[in-house]
Amino acid sequence: MPFKKFKIYDYDFKLILLVVALAVIGVFAVGSAQNDLQSKQMYGAIAGFVVMLMVSFIDYHFLLKFYWVMYVINIVLLVLVMLIGETHNNAQRWLVIGGIQFQPSELAKILLILFFAAFIMKQKDNFNSFPMIALCVLLVGIPMVLIIRQPDLSTTIMIAILFAVLMFAGKLKFRIIFGILAVAIPLVAIGISFAMREDSGLLEDYQKNRILSWQNPDEYADEEAYQQLNSVTAIASGMMDGKGYRNNAITSVKNGNFLSEDQTDFIFAVIGEEFGFKGSVVVIVLVILVSLECIAIGRRAPDLAGQIICAGMGGLIGFQGIINIGVATFLLPNTGLPLPFVSYGLTSLLTLFAGMGIVINVRTQVKRGNSLGESFD
């Protein structure tokens, strides 16, 4: 059955409050960055909240029965993006189906979490074997190749990080993890060095320049480093209490239109300028608390699949939040990942809410001790 009865005190109202708080901040921040987008963000948050509640009542074991269907749908959507996808800013990342435009790479994150939760659970007896690990790498490699060709390097990197979290949550043995790291770290270092060569062809010119501008911002102050330098200026100018919501200060970096993509990639700069250090800390703490709450639920999940789902969602929120804030504060190269629940982007917003709904459903079954073998075989 897709629905199961649960006791009201098993429902995670704390996680709901944390997520709603982030979404409300997002509505106000997006409205300040781009006033005409505020209503869309608000309706998206409301729709996402409804989706979260609806999904939270569906037994996640029922959803996992269709894990191969999810994987195929994911691949089909990503292939369609290559064939008939909409192009914006030299990137082909969007599909329009039935008059609705969405970004399949955002949906891919949630679908891959669900797929690997079921797949690893099914293969848990031989999960630590080399053939199975190689198969997992192949299965995640196919969507990653399709996404990087859009091109969308930032989402590809995020999925690679997410995959590592899922494999760790799937109880990959430490000796295997250390062995993989011993090989992977030098290979990644060599790969990055090779990719940065002019004749490598592995990275687009703008991607190379973003890395170079992060290393040498003074040399690229008028080019690739421009956005991040202005972002840091905006955050610093907010000082402790900020300049105020939708202020008219002539010294405002945002009001002077010195921030591009301030409603998405650099939304944290808007928050830092208008709400200061205090407002920035609130956002950071909320992101951390959402991530930790997901992980805490996973530790009490009734089965391995539930653990993997919660770890995956916690990792997605936590790492993507860190990367977005790291870019806005110039601690990381410019990537273009949204701040979870805060940045403008209805596909990201709805899929994250749906993911939280699944985590809440895991929480409702914490004390039931369900066996995955009983419910989705």
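The values are calculated or read from the model by the stated rules, or taken from the named source; none is laboratory data. Please read these numbers as outputs of a predicted model, since none were measured by experiment. As a convention, Cβ positions derive from the backbone with ideal geometry for all residues, glycine included, and neighbour counts pool all protein chains shown. We work out accessible area using only protein heavy atoms, side chains counted, and drop any ligands, DNA or RNA first. Shrake-Rupley method; radii C 1.70, N 1.55, O 1.52, S 1.80 Å.
Here are some notes:
- Exactly one residue out of Leu78, Leu95 is at pLDDT below 95 and of a type in the set (A, V, I, L, M), and it is Leu95.
- Filtering Leu146, Leu172 for residues that are part of a helix (DSSP H, G or I), modelled with pLDDT of 85 or more and open to solvent by less than 80 Å² (accessible area, probe 1.4 Å) leaves a single hit, Leu146.
- Positions within the range 221-242 being free of Cβ contacts under 8 Å to residues at least 12 places away in the same chain and open to solvent by less than 50 Å² (accessible area, probe 1.4 Å), in sequence order: Ala221
- Residues in the range 243-272 that are more than 19 Å from Leu337 (Cβ to Cβ) and crowded, with 20+ Cβ neighbours inside 10 Å: Lys243, Ser252, Val253, Lys254.
- Check on Met121, assigned to a helix (DSSP H, G or I), in contact (Cβ under 8 Å) with a residue 24 or more places away in the chain and buried (at least 19 other Cβ atoms within 10 Å of the Cβ): yes
- Residue count for the range 21-48 satisfying the condition of being more than 24 Å from Glu273 (Cβ to Cβ), open to solvent by less than 70 Å² (accessible area, probe 1.4 Å) and not small (Gly, Ala, Ser): 0.
- Ile180 vs. criteria out of contact with any Pro (no Cβ under 9 Å at 6 or more places or on another chain), among the β-branched types (Val, Ile, Thr) and closer than 28 Å to Cys310 by Cβ: yes
- Residues located in the range 274-286, provided they are among the aliphatic types (A, V, I, L, M) and open to solvent by less than 10 Å² (accessible area, probe 1.4 Å): Val283
- Flag if Trp94 is within 22 Å of Leu316 (Cβ to Cβ) and either among the β-branched types (Val, Ile, Thr) or over 21 Å from the mean Cα position of the chain (by Cα) (or both): no
- Output for the range 49-81, where each listed residue is open to solvent by 40 Å² or more (accessible area, probe 1.4 Å), aromatic (Phe, Trp, Tyr) and in contact (Cβ under 8 Å) with a residue 60 or more places away in the chain: Phe49, Phe57, Phe62
- Criterion (closer than 18 Å to Met144 by Cβ, open to solvent by 10 Å² or more (accessible area, probe 1.4 Å), of a type outside the set (Gly, Ala, Ser) and not in a helix (DSSP H, G or I)) met by exactly one of Gln101, Gln92: Gln92
- The conditions of being among the hydrophobic types (A, V, I, L, M, F, W, C) and under 18 Å from the mean Cα position of the chain (by Cα) are not met by Leu37.
- Restricting attention to the range 315-330 and to residues that are surrounded by fewer than 24 Cβ atoms within 10 Å (Cβ to Cβ) and either free of Cβ contacts under 8 Å to residues at least 40 places away in the same chain or over 14 Å from the mean Cα position of the chain (by Cα) (or both), the residue that is nearest to Phe115 (Cα to Cα) turns out to be Gly318.
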